[in-house]
1. From the list ALA240, ALA249, ALA201, pick out the single residue that is among the small types (Gly, Ala, Ser), closer than 21 Å to ALA110 by Cβ, at pLDDT 85 or above and open to solvent by 50 Å² or more (accessible area, probe 1.4 Å).
2. Name the single residue, out of those in the stretch 103-144 being touching a Ser or Thr at 6+ places or on another chain (Cβ under 7 Å) and polar (S, T, N, Q), that is least open to solvent (accessible area, probe 1.4 Å).
3. Applying the selection to the stretch 53-69, what residues are under 16 Å from PHE175 (Cα atoms) and either at pLDDT 75 or above or in contact with a His (Cβ under 8 Å, 6 or more places away or on another chain) (or both)?
4. Inspect all residues belonging to the stretch 183-192 and state whether any of them is modelled with pLDDT under 90, outside any helix (DSSP H, G or I) and among the aliphatic types (A, V, I, L, M).
5. Could you tell me which residue of the stretch 199-227 is nearest to ALA123 (Cα to Cα), considering only residues that are over 20 Å from the mean Cα position of the chain (by Cα) and of a type in the set (Gly, Ala, Ser)?
6. When the stretch 214-226 is examined, which residues are found to be over 14 Å from LEU119 (Cα atoms) and touching a residue at least 24 places away in the same chain (Cβ under 8 Å)?
7. Being open to solvent by 30 Å² or more (accessible area, probe 1.4 Å), closer than 30 Å to ALA131 by Cβ, at pLDDT 75 or above and touching a Pro at 6+ places or on another chain (Cβ under 9 Å) narrows it down to one of VAL235, VAL230, so name that one.
8. Taking VAL229, is it touching a helix residue (DSSP H, G or I) at 6+ places or on another chain (Cβ under 7 Å), touching a residue at least 40 places away in the same chain (Cβ under 8 Å), part of a helix (DSSP H, G or I) and within 21 Å of PRO116 (Cα to Cα)?
Amino acid sequence: MILADKIIALRRQHGWSQEELAGQLGVSRQAVSKWESASAIPDLERILKMSHIFEVSTDYLLKEDLEEAEVSVSSGEAPEERLRNVSPEEANAFIEQKKRLALPQALAVAAYILCPVPLIFLAGYSELDSAGISEEAAAGIGLIILFLTVGIATVVVILNGSRLEKYDYLKTGSFRLQYGVEGIVRKRKEEMAGTYRTCAAVGTFLCIIAAVPIFLVFCFWEQNDFAGVVSVDIVLLLVAMGVFLYIWAGESWGACQILLCEGEFTPEEQARKPIFKIYWCVVTAIYLGISFWTFDWHKTWVIWPCAGVLCGALKTIERMWRRSRKNTD
């Protein structure tokens, strides 16, 4: 139980209103309301007063933080004196910044996935007898749209990264949360859990069914080449929608995980990140090389799902190797 919940429980046990408790502590009712909503934390003097009037020990009120601080010091890789303290205001500012940048970031990533869609569509359309555009013109227009889309998306990603530069130290894990911050972050994470899980589930569903249009073409329009081209565009659209939902909801969720050093932001996961950054750079280079060499953009997209499956397999193998090595040591 976090401090906010303890204050609520103790106040109700004594039958006091927020205003009555505020009067005994010498603060405003709004201050008590902020403590109980975990949007602010009381100072040490008020904690000592609450310990007296509630007839509980300060150890009870501070127990969660004391245990967490002990773990942070013992398990952190950085020396204690080099750890940066993160205040409640700084933690909330980081989460809010990630939340504000979630939409443009999600749109930029979706744009990367959708950038070849016009090129694929125009290339297929130009092969129709009724088409009023040559293959060369279609390819030229498609490439212009592709490069413009990639350029704009890249600018958005770079700008988002520059706005988060001051929080780079959080990604290294060289920080320690001040008293009460963990409780605040966990509460915010719980509040966004429903939205995140729903978006993640829908996004995963869209990515799974993305291949359905291609199978439908094989079943009913096998001889229609243009239908096959449109099906590939629909596949990319569904994948882009799924990725958009996952990133849009995942930015704020990820901010909480960074602050709590959970999920993919544990020291173990952080250690393996550079490996897979190199992996995806290599995959991107292979994709662009093959695509520009063959100009079969409507076929080379299969590199991405194959690379995704292979990445999952490599991660599993790498985790098994680390565990076996740890057990051996």
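1. ALA201
2. SER126
3. Residues satisfying the conditions do not exist here.
4. no
5. The residue in question is ALA227.
6. Answer for the stretch 214-226, where residues must be over 14 Å from LEU119 (Cα atoms) and touching a residue at least 24 places away in the same chain (Cβ under 8 Å): just ASP225.
7. VAL230
8. On the way: touching a helix residue (DSSP H, G or I) at 6+ places or on another chain (Cβ under 7 Å): yes; touching a residue at least 40 places away in the same chain (Cβ under 8 Å): yes; part of a helix (DSSP H, G or I): yes; within 21 Å of PRO116 (Cα to Cα): yes.
Yes, satisfied.
The values are calculated or read from the model by the stated rules, or taken from the named source; none is laboratory data. Quick caveat, the model's predicted, so the values are computed rather than measured. Glycine gets a Cβ as well: all are built from the backbone with ideal geometry, and neighbour counts include every protein chain shown. Heads up: the accessible areas ignore ligands, DNA and RNA and are worked out on the full protein's heavy atoms, side chains in. Shrake-Rupley method; radii C 1.70, N 1.55, O 1.52, S 1.80 Å.
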